[in-house]
Amino acid sequence: MEEMIALEIDGKEVKAKEGMTILEAARGANIEIPTLCYHEKLKPYGACRICSVEAERGGRVRIVAACGYPVEGGLLVRTRSPKIDRIRKVIIELVAPLAMSDGGISGELRRLADEYGADIHRFESRLQVEPTRCILCGLCVRYCDEVMGGHAIGFMGRGIERRVVFFPERASRFCPTCHECYEVCPTGKIAAETDGSIFPKFSIDDFLSGKM
Amino acid sequence: MPKKLFSLEELEELRKEILSKREPDKPVITVCTGTGCQTYGATNVYETFLQEVKNQGLEDKLGVKATGCHGFCEKGVVVVVFPEEISYLKVKPEDVPEVVRAVAKKGILERLLYEDPVTGKKIAKESEIPFYKNQSRIVFGNNKYIDPKNIEDYIALGGYSALSKALSQMSSDQVLEEIDKANLRGRGGGGFPASRKWKETKNAPGEPKYVIVNCDEGDPGAYMDRSLMEGNPHSVLEGLIIGAYAIGAHEGFIYVRQEYPLACENLNWAIKQAEEYGFLGENILGSGFNFRVKVHRGAGAFVSGESSALMSAVEGKAGEPRFKYIHTAVSGVKGRPSNLNNVETWATVPLIINKGADWFRSIGTEGSKGTKIFSLVGKVNNTGLVEVPMGMTLRQVIYDIGGGILKGKRFKAVQTGGPSGGVIPEQYLDTPVDFDELTKLGSMMGSGGMVVMDEDTCMVDVARYFVNFLCEESCGKCIPCREGLRLLRVILNDVCQGKGKEGDIEVIEEVAEVMAAASLCALGTTAANPVLSTLRYFRDEYEAHIKEKRCPAKFCKDLTSFYIQPEKCQACLICLRNCPAGAINGDKGLVHWIAQEKCSKCGICFEVCPPRFSAVVKLSGEPIPEPPPPGTKVIRKKEG
């Protein structure tokens, strides 16, 4: 029998298996914590930070990413607080300009924007980013690597230049018959822009320059 | 091939043999060949010395040696003649014959000595130069005696005696206790107690365990680790091997950043020699302890200095941080317990083992023991690497060692801790240098960058500089850091260009709070520090930029204009001729004036206007007076 760990999430006693994360424990107890870069088939990544929660132990409160923080006995978790709500609101406002398509956003990000009262246009004119419709959550990259073994998608660039690219030599072999990334992409960018076939609109230069 | 050493006794035997072959009275000309001096042509100077000694037929009487960095980089090429330790500065190849002649005659070449800028007095002995005199160089000081490519130089100075002591006379727990008792705190930035990490790795389940050297120093203006690794690589290696023994690790990595080719070269030499002598490999010094080390060259990413990112890089993955809720000390490289310390921390370990924790604790403050190496740069007279006991005040470092502010300007702030740190203004100049004291001021010790700023430095621009740096150097993985920096950059650019809006400061603070609370790694959580600390101490400068469209330091180009005061202009034509934009009008005898619409604000007119006229001034936030009517004649100043 595996050892069960008792912790408290939003005032509710929750039992979790050792090695589980706060997010898994919370979901097991029907407590919602929002995520954008989490996928149950993938290793936790910790990029979107929307799952930030307050974790208290020994009187010390830390903001941690629920998707990666392992459960501990006696841990007190608060999934909502004025500070957490503020963090989530600002994260949505910061990332929304990237996700923009036809002047709006869709899917989970849209739902979260409404829930946290985020003004998705707040920084849009200031940031002047190209609305690539990609929030760099890395779900496609990691799904392709970890689940499909395709290794056809990756990141290029660093800092604010970071972007997702398809590696043409791998993509030309794996992608035509796969298309699994269409489903995991939270903004629908990949499906919308690849035409559903073997990327006929794109040349190698397009792949490398990150237009994909 | 040297004989492999199998015991403490054999090492001491070898040391005696090396020393017996040395002639302590024979003059030796040493040339600093660290990267700083190399940029001034040190390699050429060194080779010229070799040739010149030959030419003058003095090969038997004079030695010539290449050494590591002395720290007074601004005065390179640094040449020191032993045994008297006469310091010659800014030595050029053409000076070499004269120096050699002087050394042969046991004389001193006055003209290349250090000259005190105040008294004009020449100082011959290196240790008496104020820059060196006020330092305590316990970690860095051996650089000047050592040819980094020659292990015998290190052994002659007592090298590897700490290792042999640890292996032959101390248990691994005793070594750990000694480091614990010394309260050695990590020199890489955070100041985390080294022994706590060591213990955590030692006690963590899982084999193999790894020990790692972080030589990914990347803070703008900082190069302490480079100089130590280039100049005294064996001290780092010795510390690492001792640490490995204490922890029970048999494999180590040394992560050296791509931009440090000489550090890599000297380190690889050192590893090879250490293997030959039996300090690395199987059965080290006959103790039965085995340890091997690999050099991992970085791919040029600042973020790889973060421990989990560095470990990803060592695994061959992209250098991106990952969760550290389980410490890297427990689950690091390949999920194994991995202890990481920076170059300076490792290099301090042999000293503690040799001289004892009590000796180490006698230096420094209550919470911060020992010394710290800083790279003192910016608007200060003596720039270079300085090693001072913890607890020395910022004022002592900047004025006593650094010789005060360039051109007699007024001190404004000192930036410590690099892109994770902050600025410390004048009213805190008497703060002791100490991990906790600097943190209290909203900055941090960091790895030891110390950038001095004077009255002409715009603090909003400083914040902008660091945010720009981080925009390019952040990994870009998590949203708060990446997008937060992107937004901060836009806002700070706007503020510097006079396009800042009311409410911008509040937006900066709101976003900075989210970055600090929710970013993935320590670089992200501290990325807003340069902005927050300049806001904390210089909020009025932000407000002046935003509300009055005025840059108080008269630095931001878009908010500053150049103006020639007609009553002071002597029509010397110097600015007019030097203006690259052709914006200056006037003629011989006629007052000059700047056509503002043509001015590119390069500041050359301001620089070249003779100080006795000082006719060109900078204006910010005030209207520019109309130019004088065409043909206005000069009002001659009475000479004398």
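The values are calculated or read from the model by the stated rules, or taken from the named source; none is laboratory data. For clarity, every value in this text was computed on a predicted model and none was experimentally measured. Glycine gets a Cβ as well: all are built from the backbone with ideal geometry, and neighbour counts include every protein chain shown.
Quick check: anything in segment B:529-536 buried (at least 23 other Cβ atoms within 10 Å of the Cβ) and touching a His at 6+ places or on another chain (Cβ under 7 Å)?
No, that holds for no residue.
Looking at B:Pro625 and the list (1) in contact (Cβ under 8 Å) with a residue 60 or more places away in the chain; (2) more than 25 Å from B:Pro552 (Cβ to Cβ), which single condition is not satisfied?
(2)
Yes/no per residue for (1) crowded, with 24+ Cβ neighbours inside 10 Å; (2) farther than 30 Å from B:Gly189 by Cβ:
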{"site": "B:Cys481", "(1), (2)": "yes, no"}
{"site": "B:Asp494", "(1), (2)": "no, yes"}
{"site": "B:Phe538", "(1), (2)": "no, no"}
{"site": "B:Glu548", "(1), (2)": "no, yes"}
{"site": "B:Cys551", "(1), (2)": "yes, yes"}
{"site": "B:Phe562", "(1), (2)": "yes, yes"}
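Out of everything in segment A:54-108 that is away from chain B (no Cβ under 11 Å) and in a strand (DSSP E or B), what residue ends up being surrounded by the most Cβ atoms within 10 Å (Cβ to Cβ)?
Per the criteria, the residue is A:Val77.
Which one is surrounded by the fewest Cβ atoms within 10 Å (Cβ to Cβ) among residues in segment B:306-326 that are away from chain A (no Cβ under 12 Å) and over 23 Å from B:Gly448 (Cα atoms)?
To start, the set of residues in segment B:306-326 that are away from chain A (no Cβ under 12 Å) comprises B:306-307, B:310-316.
If we keep only those that are over 23 Å from B:Gly448 (Cα atoms) too, we end up with B:312-316.
Numbers: B:Ser312: 20, B:Ala313: 25, B:Val314: 23, B:Glu315: 14, B:Gly316: 7.
In this case the residue turns out to be B:Gly316.
Please enumerate the residues belonging to segment B:47-74 that are farther than 30 Å from B:Phe374 by Cβ, outside any helix (DSSP H, G or I) and either modelled with pLDDT of 95 or more or not hydrophobic (A, V, I, L, M, F, W, C) (or both).
Step one: list which residues in segment B:47-74 are farther than 30 Å from B:Phe374 by Cβ, which gives B:47-64.
Next, only the ones that are outside any helix (DSSP H, G or I) stay: B:56-64.
If the condition is that a residue be farther than 30 Å from B:Phe374 by Cβ, outside any helix (DSSP H, G or I) and either modelled with pLDDT of 95 or more or not hydrophobic (A, V, I, L, M, F, W, C) (or both), then B:Gln56, B:Gly57, B:Glu59, B:Asp60, B:Lys61, B:Gly63, B:Val64 are the ones that fit.
What residue, of B:Lys501, B:Lys477, is more than 8 Å from chain A (Cβ to nearest Cβ) and either on the phi > 0 side of the Ramachandran plot or not in a helix (DSSP H, G or I) (or both)?
B:Lys501
What do you reckon, is A:Leu112 touching an Asp or Glu at 6+ places or on another chain (Cβ under 8 Å), among the hydrophobic types (A, V, I, L, M, F, W, C) and either in a helix (DSSP H, G or I) or closer than 29 Å to A:Phe123 by Cβ (or both)?
The answer is no for A:Leu112.
For residues that are of a type outside the set (D, E, K, R) and within 13 Å of chain B (Cβ to nearest Cβ), scanning just segment A:140-162, find the one that is farthest from B:Leu488 (Cα to Cα).
Among them, the one singled out is A:His151.
Out of all the residues in segment B:612-630, which are of a type in the set (Ser, Thr, Tyr) and either in contact with a strand residue (DSSP E or B) (Cβ under 8 Å, 6 or more places away or on another chain) or not assigned by TED's automatic domain parsing to the domain that holds B:Ile564 (or both)?
B:Ser620, the sole residue that qualifies.
What number of residues within segment B:512-528 are facing chain A (nearest Cβ under 8 Å) and either surrounded by 24 or more Cβ atoms within 10 Å (Cβ to Cβ) or on the phi > 0 side of the Ramachandran plot (or both)?
The qualifying residues number 4.
Let's see how each residue does on (1) over 19 Å from the mean Cα position of the chain (by Cα); (2) over 28 Å from B:Lys499 (Cβ atoms):
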| residue | (1), (2) |
| --- | --- |
| A:Glu115 | no, yes |
| A:Val129 | yes, no |
| A:Pro168 | yes, yes |
| A:Pro176 | yes, yes |
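Can you tell me which residue is nearest to the other protein chains (Cβ to nearest Cβ) among those in segment A:22-50 that are of a type in the set (A, V, I, L, M) and in contact (Cβ under 8 Å) with a residue 60 or more places away in the chain?
To start, the set of residues in segment A:22-50 that are of a type in the set (A, V, I, L, M) comprises A:22-23, A:25-26, A:29, A:31, A:33, A:36, A:42, A:47, A:50.
Checking which are in contact (Cβ under 8 Å) with a residue 60 or more places away in the chain leaves us with A:36, A:42, A:47, A:50.
Details: A:Leu36: 8, A:Leu42: 13, A:Ala47: 5, A:Ile50: 8 Å.
By that ranking, first place goes to A:Ala47.
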